[in-house]
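**Q** Take this structure first; my questions come after.
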Amino acid sequence: MTTLAAAVLGSSGLLLQAATGTATGSYAGDVLRTVVALVAVCLIAWLSLRLLAARGGLPGLPLGADPDAPVRVLRRIPLEPRRNLYLVRAGSRVLLIGVGEGGAPRLVAELDPADLEPPEERGDA
């Protein structure tokens with residue numbers, strides 16, 4: 001049976017390549033096809049996430065920001081790689097919360113919500 005298989009496949013193995021879907025090609029062509037496929041997959045994933053975020057995300061997956069949520073992160077201010085300040089609106093209160101790599105988050109300050117509005121909205125000029 002091995003001589004029959006060798007005779008059918010021949011020395012180049014063209015029938016085996018046709019049956020398995022592999023083609024002879026250059027290494028650069030293979031790399032280019034792989035890179036193009038990777039870019040296409042990343043682009044589809046990015047567009048899908050943008051679309052989900054625009055529609056409010058999935059239930060249980062907070063991709064979109066809900067402006068009517070009772071607690072909302074207004075801004076994240078990075079201080080160091082693992083230390084941040086968060087400006088959080090909780091109801092009518094605005095809190096400045098410090099978060100670090102060790103320990104629980106700490107309330108740094110409670111701010112006046114009027115101080116966060118731009119001057120043109122407050123009536124200051």
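The values are calculated or read from the model by the stated rules, or taken from the named source; none is laboratory data. Quick caveat: nothing in here was measured; it's all calculated off a predicted structure. Counting neighbours? That spans all protein chains shown, and the Cβs are built from the backbone with ideal geometry, glycine included.
**Q** Among the residues of region 72-81, is any closer than 30 Å to R106 by Cα, touching an Asp or Glu at 6+ places or on another chain (Cβ under 6 Å), at pLDDT 55 or above and assigned by TED's automatic domain parsing to the domain that holds G102?
**A** For region 72-81, residues closer than 30 Å to R106 by Cα, touching an Asp or Glu at 6+ places or on another chain (Cβ under 6 Å), at pLDDT 55 or above and assigned by TED's automatic domain parsing to the domain that holds G102: absent.
**Q** What number of residues within region 114-125 are within 15 Å of L74 (Cβ to Cβ) and either modelled with pLDDT of 80 or more or in a loop (DSSP other than H, G, I, E, B) (or both)?
**A** Count: 2.
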